[in-house]
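Taking it in order: structure first as structure tokens, then the write-up.
Every number in this text was worked out from the coordinates using simple rules, so none of it is lab data. Keep in mind the model is a prediction, meaning the values are calculated, not measured. Don't worry about glycine lacking a Cβ; one is built from the backbone with ideal geometry, like all the others, and counts go over all protein chains shown.
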Amino acid sequence: MKAKSAGMAPAEKFALYAKLVAAHPEIERKGTANSYTSVNGHMFSLLGPSGEMALRLPAGERERFLKKYKTELFEAYGAVMKEYVAVPEMLLEKTNELKPYLAISYEYVCALKPTTKKKKP
């Protein structure tokens, strides 16, 4: 087994996440140690250092996802990320099944008002 760098997801999880994102040419994977996707300043998916993936979904889709996959809202650093679902490990391995949810997530954040960076005083 290969040793992983501190703070980086296991290589096999990273490869699955990268494959999922690559299935959507309009989406760019960002980050090195912590991979994520974002558009207009809104993050909508991430792969944490433990290899757990999270997706940001709109309310109705989020509730259906939680029920269908018997999962929970994603928690990071002791805080629940209210719009993010924890993607079960077995689902991360099923790119074709997960692919439509990434598309829903992308469409959701594209409809949000772009964030503006605050200038430092």
Give me the one-decimal nm value for the distance between modelled label points at residue 59 and residue 30, 7 Å along each residue's Cα-to-Cβ direction.
2.7
Restricting attention to the stretch 1-74, which trypsin sites (Lys or Arg not before Pro) occupy a DSSP loop and are surrounded by at most 14 other Cβ atoms within 10 Å?
2, 4, 70
Give the cross-link partners of residue 67 among the aspartates and glutamates, using a straight C-alpha distance below 20 Å as the criterion and excluding same-chain residues fewer than 8 apart.
52, 75, 83, 89, 93, 97
Which value, in Å³ per residue, describes the convex hull spanned by the Cα atoms of the stretch 11-110?
95
Can you give the charge dipole size of the chain about its Cα centre, rounded to the nearest 20 debye, using +1 on the beta carbon of Lys and Arg and -1 on the beta carbon of Asp and Glu?
460
Taking amide H positions as placed 1.01 Å from N in the peptide plane, with prolines and chain starts having none, which residues 5 or more places from residue 76, or on another chain, fall under 5 Å of its amide H?
81
Using DSSP to define loop residues, name the GluC sites (Glu not before Pro) in the stretch 62-94 whose beta-carbon has at most 14 other beta-carbon atoms within 10 Å.
72, 93
